[in-house]
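What follows is a short report on a single structure.
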Amino acid sequence: MIVAGLTGSIAMGKSETAKMFAARGIPVFDSDAAVHELYARGGAAVEPLRALVPEAVIDEAVDRRRLAALVQADPALLGKIESVVHPLVRDRQTHFLAEAAQQSDIALLDIPLLFETQRERDVDVVIVVSTNPSLQRKRALARPGMSAEKLDFILSRQMPDAEKRARADFVIDTSVSLAETAREVDRVIACMREAGEPRA
């Protein structure tokens, strides 16, 4: 089975692109959705994060907005939080891949910080979703709770888009129409099946 990593900076259209892969029968692991589950009431990350940042836990769940505000105020917290959350997400990815191998020749890991966390070595193929900076900023600022200051902070923690594109096996441009993006997804799937090097 070929394990592909899908990544891209904030507001590049990665979630919509992941849906296109899923619609074509490719099993997709959504890392952000996994984090939501880990942060929810009863989630495996709640108690470890309560011990680390108790003010981020409200009604027995991790409040993502409060956690983000705490990290923005104290960036050193980010590494500590990631040391708790990333291993839990990887455990879920391992189970996902074991199941995906039984039903598909390709599996997609949607990992927003794939390069930043050195996860490219865990996949066979890297797919970067990209768009132009003005459209990226417009999309991001349209999100609830987003501000220019918060966006700039997030971008400062992410690898520049140009570097991600340079390191990718495939780049999918989402500044075009959805139909054009879908055709690019089809092309990437065909190329992976033809030339990809599957994991044992």
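The values are calculated or read from the model by the stated rules, or taken from the named source; none is laboratory data. Source: prediction; values computed, not measured. Glycine gets a Cβ as well: all are built from the backbone with ideal geometry, and neighbour counts include every protein chain shown.
Scanning the stretch 115-141 for residues that are among the β-branched types (Val, Ile, Thr) and either surrounded by fewer than 19 Cβ atoms within 10 Å (Cβ to Cβ) or not assigned by TED's automatic domain parsing to the domain that holds residue 180 (or both) gives a single hit, 117. Among the residues of the stretch 14-40, the ones that are within 11 Å of the chain's Cα centre (by Cα) and of a type in the set (Gly, Ala, Ser) come to 5 in all. Quick check on residue 146: is it part of a loop (DSSP other than H, G, I, E, B) and free of Cβ contacts under 8 Å to residues at least 12 places away in the same chain? Taking the combined requirement at face value, the residue satisfies it. Count of the stretch 37-60 residues, restricted to those that are in contact with a Gly (Cβ under 7 Å, 6 or more places away or on another chain) and farther than 19 Å from residue 86 by Cβ, is 0. Residues to consider are 193, 165; find the one that is among the charged types (D, E, K, R), under 29 Å from residue 68 (Cβ atoms) and surrounded by 12 or more Cβ atoms within 10 Å (Cβ to Cβ). Going through 193, 165 in turn, just one is among the charged types (D, E, K, R), under 29 Å from residue 68 (Cβ atoms) and surrounded by 12 or more Cβ atoms within 10 Å (Cβ to Cβ): 165.
Of the listed requirements (1) over 19 Å from the mean Cα position of the chain (by Cα); (2) farther than 27 Å from residue 77 by Cβ, residue 166 misses just one: (1).
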